[in-house]
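Colleague: Take this structure first; my questions come after.
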Amino acid sequence: MKSDKVYLGRLFRNLIQNAIKFRGAETPRVHVGVAPRGSVWLFSVKDNGIGFDMKFAERIFLIFQRLHRRDEHERDGVGLSICKKIVEMHGGRIWAESKPGAGSTFFFTLPVAPPAAETRS
């Protein structure tokens, strides 16, 4: 599968919007990075937002899962599940690291080259 720019655009948009939406008292800062790591590209989206407890690190990628009450942060609980689906359909994986009050970093990988089965004619 070739990378789909619409899906990848949505992936970045969701991660950056979350970084801004779940901000703390400081002016939001978001850093997007990428680095080669063998057969994959390692992407990161880091923010200085409210963060979350790592015990919820897997739950945040499940559809309709919320860590906050709706009156605290309006959200429908699908954005990160969509991000996970996009990354996985491109042959990568996604995860997050965070501390409450200290921001979050979302990481995801994408293959440098498409899987061999998809490069055949």
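We did not get these values from a lab; they are worked out from the coordinates using the rules stated. Quantities reported herein were computed from a predicted structural model and do not represent experimental measurements. Neighbour counts run over all protein chains shown; Cβ positions are idealised from the backbone, glycine included.
Colleague: Order of Asp47, Asp4 from fewest to most other C-beta atoms within 10 Å?
Modeller: Fewest-to-most ranking of Asp47, Asp4: Asp4, Asp47.
Colleague: Within 15 Å, Cβ to Cβ, of Phe43, how many net charges do the neighbouring residues add up to if Lys/Arg are +1 and Asp/Glu are -1?
Modeller: With Lys, Arg at +1 and Asp, Glu at -1, the neighbours total +4.
Colleague: Whole-Hz Karplus ³J(HN,Hα) for region 4-20, in order, using 6.51 cos²θ - 1.76 cosθ + 1.60 and θ = phi - 60°, x for Gly and Pro?
Modeller: Per residue, the Karplus-derived 3J(HN,Hα) values read 9, 5, 5, 5, 5, x, 5, 4, 5, 4, 4, 5, 5, 4, 5, 4, 7 Hz.
Colleague: Shape call for region 1-55 from the C-alpha gyration tensor, a ≥ b ≥ c root eigenvalues: rounded (a/c under 1.5), prolate (a/b greater than b/c) or oblate?
Modeller: Prolate.
Colleague: Quick check: pseudo-label points 7 Å beyond the Cα along Cα→Cβ at Ile16 and Asp53, how many nm apart are they?
Modeller: Inter-label distance under the simple model: 3.2 nm.
Colleague: Under a cut-off of 17 Å between alpha-carbon atoms, report the lysines in cross-link reach of Lys21, not counting same-chain residues fewer than 8 places apart.
Modeller: List returned: Lys46, Lys99.
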